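Everything on this sheet refers to the single structure shown next.
The values are calculated or read from the model by the stated rules, or taken from the named source; none is laboratory data. Quantities reported herein were computed from a predicted structural model and do not represent experimental measurements. Note that we place each Cβ from the backbone using ideal geometry, even for glycine, and neighbour counts take in every protein chain shown. For accessibility, only protein heavy atoms count, side chains too; no ligands or nucleic acids. Shrake-Rupley method; radii C 1.70, N 1.55, O 1.52, S 1.80 Å.
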Amino acid sequence: MPHERFNACIEACNACAVACDHCAASCLQESNVQQMADCIRLDLDCAQVCRLAAAVMSRGSQFARDVCQLCARFCEACAAECAKHAAQHCQDCAKACQRCAEACRAMA
């Protein structure tokens with residue numbers, strides 16, 4: 001099956017998407033939600049791109065490497081933004097994004 005060679009990257013993308021969704025939802029509960037707007041936007045964008053990357057890898061798409069390069073860029077941007085915030089959900093998201101970026105760069 002073509003997707004088996006991408007398993008580690010698919011898992012990293014799926015884990016990152018979940019972490020980003022959790023972070024965005026948690027940021028919406030923060031008292032300073034307006035200050036979290038960039039974080040929330042990047043979380044949502046990153047989660048969507050991670051899901052796309054996992055999907056194209058699962059299908060063995062000829063564009064998997066291209067999408068993973070894009071995914072790594074989104075993950076790096078999201079990690080940088082989340083790392084600015086002290087909230088544990090942001091710190092956890094930053095770590096998941098870094099792991100995903102590394103996995104996507106290695107795959108691409």
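Take the range 9-29 and flag every residue that is in contact with a helix residue (DSSP H, G or I) (Cβ under 7 Å, 6 or more places away or on another chain), over 16 Å from residue 75 (Cα atoms) and not polar (S, T, N, Q). Show your work before the answer.
The first filter runs over the range 9-29 and keeps only residues in contact with a helix residue (DSSP H, G or I) (Cβ under 7 Å, 6 or more places away or on another chain), leaving 9-10, 12-17, 19-24, 26-28.
Now restrict to residues that are over 16 Å from residue 75 (Cα atoms): 26-28.
27, 28 - these are the residues of the range 9-29 that are in contact with a helix residue (DSSP H, G or I) (Cβ under 7 Å, 6 or more places away or on another chain), over 16 Å from residue 75 (Cα atoms) and not polar (S, T, N, Q).
Do you know which of the residues in the range 61-84 that are out of contact with any Leu (no Cβ under 7 Å at 6 or more places or on another chain) and open to solvent by less than 30 Å² (accessible area, probe 1.4 Å) is nearest to residue 108 (Cα to Cα)? Give the derivation first.
Going residue by residue through the range 61-84, those that are out of contact with any Leu (no Cβ under 7 Å at 6 or more places or on another chain) are 61-66, 68-76, 79-80, 82-84.
Now narrow it down to the ones that are open to solvent by less than 30 Å² (accessible area, probe 1.4 Å): 64, 68, 71-72, 75, 79, 82.
On the way: 64: 8, 68: 6, 71: 10, 72: 9, 75: 14, 79: 19, 82: 24 Å.
Selected residue: 68.
So for the range 14-24 (the condition being aliphatic (A, V, I, L, M), open to solvent by 30 Å² or more (accessible area, probe 1.4 Å) and part of a loop (DSSP other than H, G, I, E, B)), does at least one residue qualify? No, that holds for no residue. Looking only at the range 92-105, residues that are closer than 15 Å to residue 15 by Cβ and open to solvent by 30 Å² or more (accessible area, probe 1.4 Å) come to 5 in all. When 30, 4 are checked against the criterion of being of a type in the set (D, E, K, R), surrounded by fewer than 22 Cβ atoms within 10 Å (Cβ to Cβ), at pLDDT below 95 and not in a helix (DSSP H, G or I), a single residue qualifies: 30.
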